[in-house]
Amino acid sequence: MQTQRRDFLQWVGWACAGLTDAAGAQEPYRLDEAARRCGRRFGFAVHPDYAGREPVKNLLLQHAGVITAENAMKWRSIEGVLGGRDYAQADAVAAMASELHALLRGHTLAWHQSTPRRLLDVPTDVFRREQSAHLSDLVLRYQGRIHTWDVLNEAIDADSGRSDGLRNSVLSKLWGEERYPALFEQARALDPQAKLAYNDYGMEQDEPWCERRRSAVLRLLEDWVKRKVPIDVMGLQAHLDLSRRFSGGRLSKFFDELKALGLGIQITELDVRDPAAGGDVATRDANVAALYRAFLDVCMGHSSVEMVVMWNVTDADTWVNRVFSGQRHADGHPMRPTLFDTRGQKKPAFHAVAASLHNASRSFNGSPIKNESSLCSPKS
Ligand code: XIL
């Protein structure tokens, strides 16, 4: 009863805000357009086959102003046989960005999990040569077309036992954590137009381990900023989880801390999991939507947040049910972490995001973004 009443009130709220497009009564609400009205951009992680597949194709046409290749620009995806390179999938995503007139995020130049298997156990000089050549090929290939590169991904592990809070990985072992700044320097030299980001997860919610990760990343970034490492953006993956606490106040303070370092903030991989949730589908959808709303209200209330990118478009494509397929609800249902259901229909989460963007645009007093087309057109 309580839930039904809350759902009804929410619907009334959205309808009053002009967000309903039921029965074609109003223009469809476009998320990137709404984000532009408050000086931000909105988008999705994609697979190259989305370009020819409904309903994702049409949803991207309507809502995407930024796209990220979910996997296609990762080293392991590009690496062909015997260390050769195959950019077909990555090129297809770049072409999709041009067709959609969307900004393109580059993901990612260095990530321990995407290191080709043949390089997991080689001498450091071999690894360094290969990592450097890969980075340089990739950045040069898309030079002038990438809005932001995730230069380094997931280098923090606050529970690694190391005093610097860094992760022990193939990268720390063979590239060397003291050489992480060189990744940024190399990227800046090769594509001075692209913003450069450090990207990581587990810093958005209010659990003690998230706090440890926030402290570790702030220490790292503070050091880099002091040493004038060319970094512009902190990328927060934001794979949110309903079983963890969330505090808007704590997140907002973290945003202030990043801003004080002179960094922009991008939400790079947003979705909401609810592995431990009970109740029926409608209740779970409402709870997922409420966390989307609370999270985005903080993001939209902070001037440093530049863009929001969802990790996948619909519940049919979500990595959550591919990668965490063992992690289902007690009733056997897969999770519904995105804004659209498996048929591409809007869920309460869509309306929650739309309402947050809409509210933000009403109080926004900067200039709405009109056109960033120089980064959208194909290389001549
Ligand atoms: C994930 C993809 O979604 C999966 O398809 C792939 O199997 C593994 O990588 N953090 C990141 C992303 O930075 O690159 C990850 O993407 C999800 C977690």
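Structure values in brief
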read-out: The range 93-135, subset small (G, A, S) and within 16 Å of the ligand (Cβ to nearest atom), residue surrounded by the most Cβ atoms within 10 Å (Cβ to Cβ); value: G106
read-out: Among (1) more than 16 Å from the ligand (Cβ to nearest atom); (2) buried (at least 19 other Cβ atoms within 10 Å of the Cβ), the one test that R273 misses; value: (1)
read-out: Exclusive hit being within 14 Å of the ligand (Cβ to nearest atom) and either in contact (Cβ under 8 Å) with a residue 24 or more places away in the chain or charged (D, E, K, R) (or both), set V288, V320; value: V320
read-out: Condition broken by A316, with the remaining ones in (1) of a type in the set (A, V, I, L, M); (2) crowded, with 16+ Cβ neighbours inside 10 Å; (3) in a loop (DSSP other than H, G, I, E, B); (4) more than 21 Å from the chain's Cα centre (by Cα) satisfied; value: (4)
read-out: Odd one out for L236 among (1) without any contact (Cβ under 8 Å) to a residue 40 or more places away in the chain; (2) within 16 Å of the ligand (Cβ to nearest atom); (3) out of contact with any Ser or Thr (no Cβ under 8 Å at 6 or more places or on another chain); value: (3)
read-out: Failed item, numbered, when F246 is tested on (1) touching a Phe, Trp or Tyr at 6+ places or on another chain (Cβ under 9 Å); (2) within 16 Å of the ligand (Cβ to nearest atom); value: (2)
read-out: Count of the range 76-106 residues which are more than 18 Å from the chain's Cα centre (by Cα), over 26 Å from K347 (Cα atoms) and not charged (D, E, K, R); value: 13
read-out: Residues within the range 85-135 that are of a type in the set (V, I, T) and farther than 21 Å from T68 by Cβ, tallied; value: 3
read-out: Among the candidates N153, N199, residue that is within 16 Å of the ligand (Cβ to nearest atom) and within 16 Å of I78 (Cβ to Cβ); value: N153
read-out: Only one of W224, W175 that is without any contact (Cβ under 8 Å) to a residue 60 or more places away in the chain, more than 16 Å from the ligand (Cβ to nearest atom), assigned to a helix (DSSP H, G or I) and not polar (S, T, N, Q); value: W224
read-out: Residue ranges of helices (runs of 4 or more DSSP H) in the range 1-114 with at least 2 members modelled with pLDDT of 75 or more; value: 31-37, 56-63, 75-78, 88-100
read-out: Where a residue in the range 145-166 is touching a residue at least 60 places away in the same chain (Cβ under 8 Å) and its partner, wherever it lies, is assigned to a loop (DSSP other than H, G, I, E, B) and of a type in the set (A, V, I, L, M), with Cβ under 9 Å and at least six apart; value: R145/A194; I146/A194; H147/A194; T148/A194; V151/I231; I156/M203
read-out: Any hit, the range 291-305, residues being more than 16 Å from the ligand (Cβ to nearest atom), assigned to a strand (DSSP E or B) and surrounded by 18 or more Cβ atoms within 10 Å (Cβ to Cβ); value: yes
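The values are calculated or read from the model by the stated rules, or taken from the named source; none is laboratory data. It should be emphasised that the depicted structure is a prediction, and the values quoted were computed from it without experimental measurement. Because the Cβ atoms are built from the backbone with ideal geometry, glycine has one as well, and the counts that use them run over all protein chains shown.
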